[in-house]
1. Under a GNM of chain A (C-alpha, springs under 10 Å), which listed residue has the highest mean-square fluctuation: A:A87, A:A42, A:A110?
2. Taking the convex hull of the alpha carbon atoms in region A:1-58, what volume per residue do you get, in Å³?
3. Can you give the convex hull volume of the alpha carbon atoms of region B:55-112 per residue, in Å³?
4. Can you work out the base-10 log of I(q)/I(0) for region B:216-270 at q = 0.26, 0.28, 0.30 1/Å, using the Debye formula on its C-alpha atoms alone?
5. So what is the 222 nm mean residue ellipticity for chain B from helices alone, if each DSSP H run of at least 4 adds -39500 (n - 2.57) and you divide by all residues, rounding to the nearest 500 deg cm²/dmol?
6. Taking Rh as the Kirkwood radius, which is the inverse of the mean 1/r over Cα pairs, what is the Rg/Rh value for chain A?
7. In Å and from the alpha-carbon atoms only, list the Rg and Dmax of region A:186-303.
8. Return one quarter of the surface area of the convex hull spanned by the alpha-carbon atoms of the protein assembly as shown, equal to its mean projected area, in nm².
4 protein chains.
Amino acid sequence: MPEKLNVGVIGAGRIGRLHAEHLAYRVPGVELVAISDIIVSAAEQVAAQFQIPAVYQDHRRIMDDPAIQAVVICSSTDTHSQMIEEAAAAGKQIFCEKPIDYDLGRIDHALAAVKQAGVKLQIGFNRRFDPNFRRVRDVVAAGQIGRPQVLRITSRDPQPPPIAYVKVSGGIFLDMTIHDFDMARFLMGEEVDEVYAAGGVLVDPAIGEAGDVDTALITLRFKSGAMGSIDNSRKAVYGYDQRVEVFGSDGMVTVSNNLPDSAVVSTAQAVTGSLPLFFFVERYTEAYIAEMKAFVEAVVQDTPPPVTGLDGRKPVVMGYAAGKSYRENRPVKLSEVDA
Amino acid sequence: MPEKLNVGVIGAGRIGRLHAEHLAYRVPGVELVAISDIIVSAAEQVAAQFQIPAVYQDHRRIMDDPAIQAVVICSSTDTHSQMIEEAAAAGKQIFCEKPIDYDLGRIDHALAAVKQAGVKLQIGFNRRFDPNFRRVRDVVAAGQIGRPQVLRITSRDPQPPPIAYVKVSGGIFLDMTIHDFDMARFLMGEEVDEVYAAGGVLVDPAIGEAGDVDTALITLRFKSGAMGSIDNSRKAVYGYDQRVEVFGSDGMVTVSNNLPDSAVVSTAQAVTGSLPLFFFVERYTEAYIAEMKAFVEAVVQDTPPPVTGLDGRKPVVMGYAAGKSYRENRPVKLSEVDA
Amino acid sequence: MPEKLNVGVIGAGRIGRLHAEHLAYRVPGVELVAISDIIVSAAEQVAAQFQIPAVYQDHRRIMDDPAIQAVVICSSTDTHSQMIEEAAAAGKQIFCEKPIDYDLGRIDHALAAVKQAGVKLQIGFNRRFDPNFRRVRDVVAAGQIGRPQVLRITSRDPQPPPIAYVKVSGGIFLDMTIHDFDMARFLMGEEVDEVYAAGGVLVDPAIGEAGDVDTALITLRFKSGAMGSIDNSRKAVYGYDQRVEVFGSDGMVTVSNNLPDSAVVSTAQAVTGSLPLFFFVERYTEAYIAEMKAFVEAVVQDTPPPVTGLDGRKPVVMGYAAGKSYRENRPVKLSEVDA
Amino acid sequence: MPEKLNVGVIGAGRIGRLHAEHLAYRVPGVELVAISDIIVSAAEQVAAQFQIPAVYQDHRRIMDDPAIQAVVICSSTDTHSQMIEEAAAAGKQIFCEKPIDYDLGRIDHALAAVKQAGVKLQIGFNRRFDPNFRRVRDVVAAGQIGRPQVLRITSRDPQPPPIAYVKVSGGIFLDMTIHDFDMARFLMGEEVDEVYAAGGVLVDPAIGEAGDVDTALITLRFKSGAMGSIDNSRKAVYGYDQRVEVFGSDGMVTVSNNLPDSAVVSTAQAVTGSLPLFFFVERYTEAYIAEMKAFVEAVVQDTPPPVTGLDGRKPVVMGYAAGKSYRENRPVKLSEVDA
């Protein structure tokens, strides 16, 4: 058996903790050797739970450790590009949570650093590893529905984030729709050329006061002429709503929500099924594990990571185009925001 | 038992024949006494099949018959407004197939004639009488899903019409989407303010050469701020695809396609269900009967018809706005085309 | 166009009225010329509603009318075999509601009369014409699921009949399960050899006091060695429950209940669908029409009727075997009750 | 944090390996400290994979280790009762795979040893921990469907076991149906009084030559008068088929199969969904983890285990009754085989 890959996790928040658990228990061929967080107590707690030997406040201790081959960056978004550059400089293989950054210049700088260092960079678009969406991609890629013509994505959260978060989130298009933009590229296997975004404050006026919208309906125009529609809401009372449909010249493929069980109760009043799984932690557990396995596999087998730096950059461009489209109430070409 | 309502049908094409059958056998309280068609052999054939006593080439014979209380106009679209005016002048109760006309001025003229004559006019938006869509409307109107926020309509035909028809159809937005525009108003219970239509020729280049598109993705902005999305295709290989979803502050209601049977066959290869009913004649049989029953009921009980002249006019306005939006690639307010 | 088939209906109760409506409006090639009922006012009411020219108290007026080519027997069960014999003697083509009789000797006598007269006899097992069950039969007959091994039928009524009816019904196995026995033969395409019936009074003690059971679970052993299971209840609070499944060496086919619409409402509490159609009149409307069309077609085209006298006899034998099995709590071969 | 529970696994076959993985990675509060197998290389392989410190050929090394508080018995069925007695004598907490034994006397001896030692014993009926079946139990126990009247269990394997296994399996009723017998007791919350088992060799003649059947249809009579039906097949070509339905005075609850994804592909030929998960390892992964968590919790919190020794004994009695019923083709009371 080959030696295990030594990994350090940077950031011990919700998503860092989740990756740490998977690296500790669910991903073979890995040794989770260190975790850092500027709030060191958070890192200590995670380390205790998953028996991680080294705990640091300063992430540079991880960067400086020659025994660590790969880092998983789960710190706050505004530090991602810097972390990527430091990791690249230290020769580490890199898994980084989305988005890379909200500034295209800084993204490009970080990607250049990765390229120069010759290390791998995988971006955390976990939904690509969900069995439903992966199956849709496979069906489309295999030509089972012919030439794709219309994509429909419904993506609704069960509840809005705190207003404090909304204020620093970059707005719904960069914070929430970004996942759907990635899905659009992934499922259709081609690039978007133009975006038209309608939006409104229909859920909570406080979101509007924070300068954001909470409901959006986005039209995508792909380079091939195919079209796409994404509808987002910050609040679906029945739970996390994550469905996609691709319609093509020879057919259609759809996927529906995941439920905790298949029970159907029929009474004199109604026939009742279970609500969808509540939110992304429940819905995408297996996807988070699969993406980390794929990262480890890419590193160990020296193959390209399945979600590249470019895959991390494009949805940010799309988010900017959507924001501009919404503000100006007109279709916006991606080239307008990414000259 | 009260005397029966004497009805004459004008036009013995596909839809005229369908209404004649329903008036002959499926709608109580009615006597189908006459049918006309400029191709008199067509009228004769229908008359023989459904035992209609009088057959005419000239529809004015129906208009002039004082024993006939109501007419069902199924002639070609370009004659609708004239027929309505004649029928109104003759004091007939009027059922008219959609659209009233492609010219707003002529629509207004016809509606004014109806108003002045004090007769009833019901427009043939049959989908309002489909059990699925009616149920969606009831759920929304009852407040079961709270305040409506996002409407999604998927409306795809199993096959494109002949190119000869495409050329005179008024274009996809006036010929096909018009039904979905009516659905949008019906389901949401409010008016649309602005339309953005993306479209393309993805099914058949000949449709493009005829000056039309065959695939469309339309964003609606309702007056309340709610949004809607309609996706149309002229060709869904799996059959007639007619689904809607309304999402609101307290929930969601969806309806799916109608199937010929509920059989599911599981083999070593796949789990397979039946294709949707092929097209509108199969899918909307009950809706066509129900709309005619509703018309007869409105006449007999002297109540307002459930689909008014205004209901016939608004979708035409929306069709024009969609066409303009598509050509100019920008959102268009309804007021721009209906000053 | 060939002359129409003149038909007379005997019996103007619920089922007679239903057939009369279909013969009047929904079955082409037929002229409904007469109806009789010993309660003549019932016949008069139906005749008025569906414009039937002749109304009689005495069914022999129909038998004696040489212009009537076919009769539809909807009188009470105890008169069926006599009516069949009279109709056969009069040379009429015969459609008779199930069951032919509760006495095997009288059934055989009636079937002999039919044979001797050389007329056609179709028994009213309407479920064979339901699109779901017909599709199951087609899938099985086409070999799509290989060799059938296990049949499952769930057949539950929404509410028990009145106790007065229960007392004269012949018991659940002859009154209710008889339809499922017919389904079993129809779907599997082979005969049953042995029956084991478990039963109980779980719904209403009054049914037990009337000497019957209201819940039953019946095991069938087919001649090929395949097995079947039928579960019956007189009361499913959620509505008429009519499902079947056939499992075979190469797969499985299942059908589920028919719903009034496909609406699914998702709220914070639940995901809710519609209850099944309430009872047989709603569920089997199309099946009743289709069976009558099939009868007319068999007569007009002089082909064997799709549900024969033997098909009417076998389920009665199975009902007796089930009753004996229940009383003696042991498997009973059909040959034990039909020596 | 309290000290961890030290556990040893006895038997490193398929199920032992599965439990070892869960104890190593998925069950908190546990330290998997030893594994044994008479084929020591099998134990060594598992130990290497999951970093288990101690590996033995002789299970008594585990029994004799005072640091080990609990054992998980996954050895061959014929050793279970002896292992339980040894473990009880050593004061270990015991998790034992089903069945305890095929001999009721040995089961009773083992259970007596457990009782005398005052240790806990949990039997590995994993399906009780499946989210679907657990939900059914909860719905029934909460009275949501009123008084249970009819239970239906469909339980079909994707492929028969090797004939060599069939010969020593104890027969389908003790090897396969035993799980369904447990489900019946669990879901209905009451005991079975009488069993009638029909069976046949419909899948593979070699199974018949080995003295067993491969298809069975079993009628259960519960003490309350409620009835149950279990249908088993050794070969469902479409995959593992595990469905249940409970029908009661106030409604019904059903659960369907688990699928790898929710994708539905519609083409011109068919609407196709995914096959069920292949077999128990895929279908019941979460159930296996949940049962082990429940065992650890029962030990740590000193509460009764959720599946007791009696729960392990009853299905064996039912299996004997079913076998006797099949051979004698008559209903058999459980008291006949468990005097």
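Readers should treat all values here as calculations from the given coordinates under stated rules, not as data from a laboratory. Everything numeric in this text was worked out from a predicted model, so none of it was measured. Cβ placement follows ideal geometry from the backbone for every residue including glycine, while neighbour counts extend to all protein chains displayed.
1. Among A:A87, A:A42, A:A110, the largest GNM mean-square fluctuation belongs to A:A42.
2. 65
3. It is 72 Å³ per residue.
4. One equal scatterer on each Cα of region B:216-270 leads to -1.16, -1.21, -1.25.
5. Details: 14 runs with 133 residues, N = 339.
Mean residue ellipticity at 222 nm (helix-derived): -11500 deg cm²/dmol.
6. In chain A, Rg relative to Rh is 0.97.
7. 18.9, 60
8. Mean orientational projected area (the protein assembly as shown, Cα hull): 54.0 nm².
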